[in-house]
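Notes follow once the structure below has been shown.
The values are calculated or read from the model by the stated rules, or taken from the named source; none is laboratory data. Keep in mind that what you see is a predicted model, and the values were worked out from it rather than measured. Virtual Cβ from ideal backbone geometry, glycine too; neighbours counted across all protein chains shown.
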Amino acid sequence: MLNSLALLSDAALMMTDVAALAIALLAIRIGQRPADDKRTFGYKRFEILAAAFNALLLFAVAIYVLVEAVQRFREPESVESTGMMIVATVGLVVNLVSIRLLTAGKDASMNVKGAYLEVWADMIGSVGVIAGVLAIRFTGWTWVDPVVAIGIGL
């Protein structure tokens, strides 16, 4: 449809953020359970495992984006800049709202702080997509799309 790898990578990373938030909330909830005979330290380790899983999920998405970007350099594709701009702007607004919501709890939990930092990275990605869209629209350089995608993936 819009054919933008940069936009796809931004959306994929935002999707991992939604999963990370859900996992972080579940981990916090489970982590509050008291210690028992089997778990003398309680369930706090669950938060650490959830944070590690979130990191692995992010790495998987980033690797996919990087591999796909290399393919786009080999076989460039045109993108639809107007739709990209609309979607990237909506993504930026969602990221700004998410950052505002996560600010209060970022110092209380490692998982919330991780989610907060992921949303920050996504916000930067959305800004990168918007800058890329402007470059594509005014110059016609379609190679900017995979370059922005690589930046987001990294």
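At a glance:
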| item | result |
| --- | --- |
| Those residues of the stretch 96-106 which are without any contact (Cβ under 8 Å) to a residue 24 or more places away in the chain and over 15 Å from residue 51 (Cβ atoms), in sequence order | 97, 100, 101, 103, 104 |
| Helices (runs of 4 or more DSSP H) (entirely within the stretch 68-154) containing at least 3 residues that are of a type in the set (D, E, K, R) | 110-139 |
| Residue that is surrounded by the most Cβ atoms within 10 Å (Cβ to Cβ), among those in the stretch 94-132 that are farther than 15 Å from residue 15 by Cα and hydroxyl-bearing (Ser, Thr, Tyr) | 109 |
| The stretch 66-87, subset more than 19 Å from residue 139 (Cα to Cα) and touching a helix residue (DSSP H, G or I) at 6+ places or on another chain (Cβ under 7 Å), residue surrounded by the most Cβ atoms within 10 Å (Cβ to Cβ) | 69 |
| Selection status of residue 27, within 26 Å of residue 123 (Cβ to Cβ) and surrounded by 16 or more Cβ atoms within 10 Å (Cβ to Cβ) | yes |
| Check on residue 59, over 16 Å from the mean Cα position of the chain (by Cα), outside any loop (DSSP other than H, G, I, E, B) and of a type in the set (Phe, Trp, Tyr) | no |
| Pairs where the first residue, in the stretch 2-16, is touching a residue at least 24 places away in the same chain (Cβ under 8 Å) and the second is buried (at least 19 other Cβ atoms within 10 Å of the Cβ) and assigned to a loop (DSSP other than H, G, I, E, B), C-beta under 6 Å, 6+ apart | 3/79; 4/79 |
| Condition met for residue 17 (crowded, with 20+ Cβ neighbours inside 10 Å and either on the phi < 0 side of the Ramachandran plot or among the aromatic types (Phe, Trp, Tyr) (or both)) | yes |
| Any pair with Cβ under 7 angstrom, 6 or more apart, that starts in the stretch 48-65 at a residue that is more than 13 Å from residue 15 (Cα to Cα) and ends at one that is part of a helix (DSSP H, G or I) and of a type in the set (S, T, N, Q) | 50/111; 51/111; 65/9 |
| Of all residues making up the stretch 30-48, the number that are of a type outside the set (Asp, Glu) and surrounded by fewer than 12 Cβ atoms within 10 Å (Cβ to Cβ) | 5 |
| The stretch 133-154, residues that are among the hydroxyl-bearing types (Ser, Thr, Tyr) and surrounded by 15 or more Cβ atoms within 10 Å (Cβ to Cβ) | 142 |
| Criterion: over 16 Å from the mean Cα position of the chain (by Cα) and modelled with pLDDT of 90 or more - qualifying residue of 70, 97 | 70 |
